[in-house]
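Worksheet for the structure shown next.
The values are calculated or read from the model by the stated rules, or taken from the named source; none is laboratory data. These numbers were taken from a predicted model, which means no experiment stands behind them. Note that we place each Cβ from the backbone using ideal geometry, even for glycine, and neighbour counts take in every protein chain shown.
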Amino acid sequence: MRLPKLRELGEAIKALIKGPYTVQFPRTPLVPHANFRGMPEFNADRCVGCLACEQVCPADAIAHRDVIEETSPGRKKAKRVLIHYADTCIVCGQCEAACIADHAGIKASKNWDLAFFDRSKAYAQIEKELELCEICGAPVACTDHLEWIGERVGELSYANPTLYLSHYKRLGLFDESVLSSARDQGPADRFKILCARCRRETTQTTPPE
Ligand code: SF4
Ligand code: SF4
């Protein structure tokens, strides 16, 4: 019979006194290390719906869907649905690193238990209010994103009607019906919430012949 080496004997005695090195999971809950990076989760209050996280995600684990509904004739309501797919995510942290909302719109959680039996639990989603172009109806940007830009450019936002009108609308300072009745009135179109293409078309000047 081979006698145990002294080092192994020492380890065995130490383990007897100190207890096992491994955790007693699942008998005792596992508390991850403070630096543990788990599955990222959206924070609907902080996210501004800019889609930077979707752009940088190397695994295509973030997607979005713009939903436009006609609430009454000539009136539309829109929202942007941001979706995170846990079954595709490789937990690289790029989304959090790129998040323009102080890295808080999507953040690594401590969630390490990723097994699920129901595939519908493999994704999480949040919704953000979306502004539509008042001429062509195309999505412009999320209301919170326009607000985010306005806060950064300060008084310069008065050079862009989309920014200040979105802000006024948020504050409830104008009646939307006033704008809708003023549609297609030539130069008045400039003072609307517009997508980049309609903004260019309403502001460009015809070159002299
Ligand atoms: S952690 Fe990486 S893979 Fe997962 S959603 Fe973020 S960027 Fe995509
Ligand atoms: S604010 Fe952050 S979480 Fe929200 S869409 Fe932009 S990058 Fe993604």
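At a glance:
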{"read-out": "Filter pass, ARG75 being in contact (Cβ under 8 Å) with a residue 24 or more places away in the chain, over 16 Å from ALA108 (Cα atoms) and crowded, with 16+ Cβ neighbours inside 10 Å", "value": "no"}
{"read-out": "Subset of region 32-50 (residues that are under 17 Å from LYS79 (Cβ atoms) and either crowded, with 17+ Cβ neighbours inside 10 Å or in contact with a Pro (Cβ under 7 Å, 6 or more places away or on another chain) (or both))", "value": "PHE42, CYS47, VAL48, GLY49, CYS50"}
{"read-out": "Selected residue (criterion: farthest from ligand 2 (Cβ to nearest atom)) from residues of region 86-123 that are among the aliphatic types (A, V, I, L, M) and surrounded by fewer than 15 Cβ atoms within 10 Å (Cβ to Cβ)", "value": "ALA115"}
{"read-out": "Qualifying residue in region 105-115 (condition: part of a strand (DSSP E or B), touching a His at 6+ places or on another chain (Cβ under 6 Å) and in contact (Cβ under 8 Å) with a residue 60 or more places away in the chain)", "value": "no"}
{"read-out": "Subset of region 1-58 that is within 30 Å of ALA98 (Cα to Cα) and small (Gly, Ala, Ser) - its residue that is nearest to the chain's Cα centre (by Cα)", "value": "GLY49"}
{"read-out": "Residues located in region 69-118, provided they are small (Gly, Ala, Ser) and touching a Lys or Arg at 6+ places or on another chain (Cβ under 7 Å)", "value": "GLY93, ALA101, ALA104, GLY105, ALA108"}
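So that you can scan it fast, the table gives a plain yes or no per residue for (1) more than 16 Å from ligand 1 (Cβ to nearest atom); (2) at pLDDT below 95; (3) of a type in the set (A, V, I, L, M, F, W, C):
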site: ARG7; (1), (2), (3): yes, yes, no
site: VAL31; (1), (2), (3): yes, yes, yes
site: ASN43; (1), (2), (3): no, no, no
site: CYS47; (1), (2), (3): no, no, yes
site: GLU54; (1), (2), (3): no, no, no
site: PRO58; (1), (2), (3): no, no, no
site: ALA61; (1), (2), (3): no, no, yes
site: GLY74; (1), (2), (3): yes, yes, no
site: ARG80; (1), (2), (3): yes, no, no
